[in-house]
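Novice: Structure in structure tokens, see below.
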Amino acid sequence: THCDVKGCSNVHSTKGYCAMHYERNKRQGDPLIVTHVRDGRSRHPLYDRYMNMIDRCNNPDSNSYHCYGARGISVCDGWAKEIDGMYQPEGFWNYVEYIETLPKPSDDHRSIDRIDNDGNYQPGNVQWATDKMQCSNKQK
């Protein structure tokens, strides 16, 4: 049989979707959301961090959603600009512009951390953090 997505003629493989639509549904919670971009975002060193942040806050199928989106943690509108289910490039570039202004620890193992663990991902509430800093900023 064919994929359940209207207009897709690929043979279904898992849960009624073809492999492509199954992956989109698994990653984004919607088989129609396309994350492959051609404007350079996907090659940017912050892109994976950005998409993981979006995923754990907005995708109930994400393994981390219960610690973020389910708790009401969100990504500010300026970083998660969405039109018709598609995240817009300016949201990513706004995020990059802000993150690149933050001081980075010298440790190579660094990530983006929320300063207030119960606050949203937004300007003023994120910082570069070492693994040690991340471990100390956990949900109580």
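Novice: Per-residue HN-Hα couplings for region 60-75, Karplus 6.51 cos²θ - 1.76 cosθ + 1.60 at θ = phi - 60°, whole Hz, x for Gly and Pro?
Specialist: Values, residue by residue: x, 7, 5, 4, 9, 4, 4, 8, 10, x, 5, 8, x, 6, 9, 9 Hz.
Novice: To continue, here is another question. Note down the nm distance, to one decimal, between modelled labels 7 Å out along Cα→Cβ at Asp113 and at Gln134.
Specialist: Each label point lies 7 Å from its Cα, and together they span 1.0 nm.
Laboratory data are not the source of any read-out in this text; all were calculated from the coordinates shown. Source: prediction; values computed, not measured. Cβ coordinates were reconstructed from backbone atoms using ideal geometry, including for glycine residues, and neighbour counts include every protein chain displayed.
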